[in-house]
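What follows is a short report on a single structure.
The values are calculated or read from the model by the stated rules, or taken from the named source; none is laboratory data. Keep in mind that this is a model prediction, so the values were computed, not measured. Neighbour counts are summed over all protein chains in view; Cβ atoms, including those assigned to glycine, are modelled from backbone coordinates with ideal geometry.
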Amino acid sequence: MKNLKYIVLFILALSFFGCKKNQLGGKSNIKGKVMHHETPIPNARVYIKFNATEFPGEDVSVYNTFVDADHNGNFLIPNIYRGKYYFYAVGVDPAIGITNNIVKGGIALKVKMLKEITGFEVPVVE
């Protein structure tokens, strides 16, 4: 009986410490696009904050990782676990003028199932 207690505690500890939500290395993929209204933002940087549903702020040092969008504003975040994430993108929209053409913004996403998420957009504004 005493051994059963230790076995149950061991299994619970493994399940608790073995959980890897809110980081990279999982089985889900997110394919998205950084958009300023109807315009894709090329080469934007997308910062990712794990376990967040609220905007963490513009200080990019508080984010856990980042990916860069391609020349069409598309990005891929491979191998993500289920959990809550906040995505914050910063880029340049050359169509809005030479001065102050930086656009930025973000959105929260909850990854519920181990699958691929497509069509996800990170909206940015002036």
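A few points about this structure:
Residue-by-condition table, conditions (1) at positive phi; (2) of a type in the set (Gly, Ala, Ser); (3) without any contact (Cβ under 8 Å) to a residue 40 or more places away in the chain:
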{"position": "Ala89", "(1), (2), (3)": "no, yes, no"}
{"position": "Pro94", "(1), (2), (3)": "no, no, yes"}
{"position": "Val103", "(1), (2), (3)": "no, no, no"}
{"position": "Lys115", "(1), (2), (3)": "no, no, no"}
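- Considering the stretch 101-113, the residues that are over 15 Å from Pro42 (Cα atoms) and at pLDDT below 95 include one that is nearest to the chain's Cα centre (by Cα), namely Leu109.
- From Asn72, Asn43, residue being free of Cβ contacts under 8 Å to residues at least 60 places away in the same chain, of a type in the set (S, T, N, Q), surrounded by 13 or more Cβ atoms within 10 Å (Cβ to Cβ) and under 16 Å from Val92 (Cβ atoms): Asn43
- Taken over the stretch 83-100, the residue count meeting the criterion of being over 11 Å from the mean Cα position of the chain (by Cα) and either among the hydrophobic types (A, V, I, L, M, F, W, C) or surrounded by 14 or more Cβ atoms within 10 Å (Cβ to Cβ) (or both) is 7.
- Candidate set from the stretch 101-126 (those that are in a loop (DSSP other than H, G, I, E, B) and of a type in the set (A, V, I, L, M, F, W, C)); member that is surrounded by the fewest Cβ atoms within 10 Å (Cβ to Cβ): Met113
- Matching residues in the stretch 78-100 - criterion: being at pLDDT 90 or above and assigned to a loop (DSSP other than H, G, I, E, B): Asp93
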